[in-house]
1. So, in the stretch 175-196, of the ones that are in a helix (DSSP H, G or I) and hydrophobic (A, V, I, L, M, F, W, C), which residue ends up modelled with the lowest pLDDT?
2. From the set of residues in the stretch 178-194 that are under 22 Å from LEU264 (Cβ atoms) and in contact with a helix residue (DSSP H, G or I) (Cβ under 7 Å, 6 or more places away or on another chain), which is surrounded by the most Cβ atoms within 10 Å (Cβ to Cβ)?
3. Can you go through VAL238, VAL252 and tell me which one is touching a residue at least 60 places away in the same chain (Cβ under 8 Å), more than 18 Å from ASN199 (Cβ to Cβ) and open to solvent by 10 Å² or more (accessible area, probe 1.4 Å)?
4. Residues in the stretch 84-116 that are open to solvent by 10 Å² or more (accessible area, probe 1.4 Å) and closer than 27 Å to GLY222 by Cα: how many?
5. Which residues, counting only those in the stretch 80-115, are in a helix (DSSP H, G or I) and in contact with an Asp or Glu (Cβ under 7 Å, 6 or more places away or on another chain)?
6. Out of the residues in the stretch 195-223 that are surrounded by 13 or more Cβ atoms within 10 Å (Cβ to Cβ) and polar (S, T, N, Q), state the one that is nearest to PHE299 (Cα to Cα).
7. Select from the stretch 118-128 the residues that are open to solvent by less than 30 Å² (accessible area, probe 1.4 Å) and of a type in the set (A, V, I, L, M) and list them in ascending order.
8. Please find, within the stretch 133-174, the residue that is most open to solvent (accessible area, probe 1.4 Å) out of those that are outside any helix (DSSP H, G or I) and more than 27 Å from GLY267 (Cα to Cα).
Amino acid sequence: MKRISTLVVVAALVGLGVWGYFYAQSRGASPKYRTVRVERGPLTAAVSSTGNLNAVFDAALIAQSLGFATPLVFGAIGGMFSERSGVVNIGLEGMMLTGAFFAVLGADKLGNWALGIVCAVIAGGLMALIHAFVSIHLRADQIVSGTAINFLALGVTGYFFIQVYGDQGVPGSISQVPDVNIPGASHLGAVGQIFGHLNLMIWFTFAMLILSYIVMFRTPIGLRIRSVGEHPRAADTVGISVYGVRYASVIVSGMLAALGGAYLSIGFVGSFNENMTAGRGFIGLAALIFGNWRPFGAFAAALLFGFSTALAFRLGQPWGNAAVLFQALPYVLTLIAVAGVIGRSIPPAASGRPYRKQ
């Protein structure tokens with residue numbers, strides 16, 4: 001009976017998402033409104049190239065790499081909290097997409113980018129709560145549940161995007177997360193070019209890396225999360241609430257992934273278009289695996305992804321479509337890492353295994 005109810009819930013989530021997606025397609029806005037990109041800050045890639053390597057590999061390329069890596073870092077750190085507690089979160093992509101839409105909606109309707117971020121965090125947390133309920137309480141297959149969340153987010157955001165903005169698209173005057181302009185950065189040479197004009201959320205990413213490491217590996221909270229992800233039965237025996245820790249960890253995971261989506265929509269683009277995350281949640285999960293489920297390892301992997309994307313933009317004009325091959329490099333390295341060629345990538349022992357309290 002439990003298995004049948006689980007399948008019904010997952011099927012309902014997928015069905016609702018698919019219906020919303022096709023509804024958005026049938027009522028969709030004109031492509032000219034749904035592909036708008038307002039390039040700003042460190043993500044502004046110089047597509048033209050002079051053919052000189054010095055013009056390609058410069059300080060601005062590193063700044064652009066940081067910008068491209070930022071949403072991946074949010075997704076990877078969010079995935080770390082979930083998977084360290086024993087719950088695989090394939091739904092990071094959907095939670096990130098949800099955060100991207102509701103950040104735009106909040107910033108537009110409430111007139112403040114900070115309130116937009118709050119809306120994104122709440123929406124991402126609610127999506128994560130659904131995943132947590134299906135995975136922990138109903139003990140469904142966590143991969144299937146996460147996939148259903150991705151479909152649900154795609155349909156819900158597409159539906160509400162059409163309902164709220166219709167053919168007109170998102171207004172171009174919404175409040176956006178500002179850049180942090182360091183005084184005197186022009187006199188700091190390459191360091192000033194890299195760090196002088198980064199978006200505020202990129203700086204927040206640096207702080208989040210340090211904080212997440214301290215919480216996970218230097219506090220009793222982190223010890224509880226890791227114990228639940230490694231040996232939930234032993235944790236339960238000593239009085240740790242396995243369900244409570246996992247619920248909290250998955251919800252935090254969704255909130256962090258939503259921050260990555262908020263950065264995309266109101267930190268970089270200044271707008272929203274359907275499926276704008278374009279697989280970044282999955283890439284963040286790959287970065288987490290590559291980084292061996294640790295914050296700084298995941299950041300290094302995300303930076304590699306960001307660098308390859310920025311480099312592909314730089315080399316786009318002289319090399320054409322061949323430059324896209326650079327974006328495949330991190331995926332190849334991830335496969336090598338998972339295969340154990342450059343150090344074994346071992347997930348938490350109880351990751352993906354539903355726990356039944358006795």
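The values are calculated or read from the model by the stated rules, or taken from the named source; none is laboratory data. All figures in this text were calculated on a predicted structure; none of them were measured in a lab. Every residue, glycine among them, receives a Cβ derived from its backbone with ideal geometry; neighbour counts consider all protein chains shown. What goes into the accessible areas is simple: the full protein's heavy atoms, side chains included, and nothing from ligands, DNA or RNA. Shrake-Rupley method; radii C 1.70, N 1.55, O 1.52, S 1.80 Å.
1. ALA185
2. My answer is ILE194.
3. Going through VAL238, VAL252 in turn, the sole match is VAL252.
4. 4
5. The answer is none; no residue qualifies.
6. THR205
7. ALA120, ALA123, MET127, ALA128
8. By that ranking, first place goes to ASP141.
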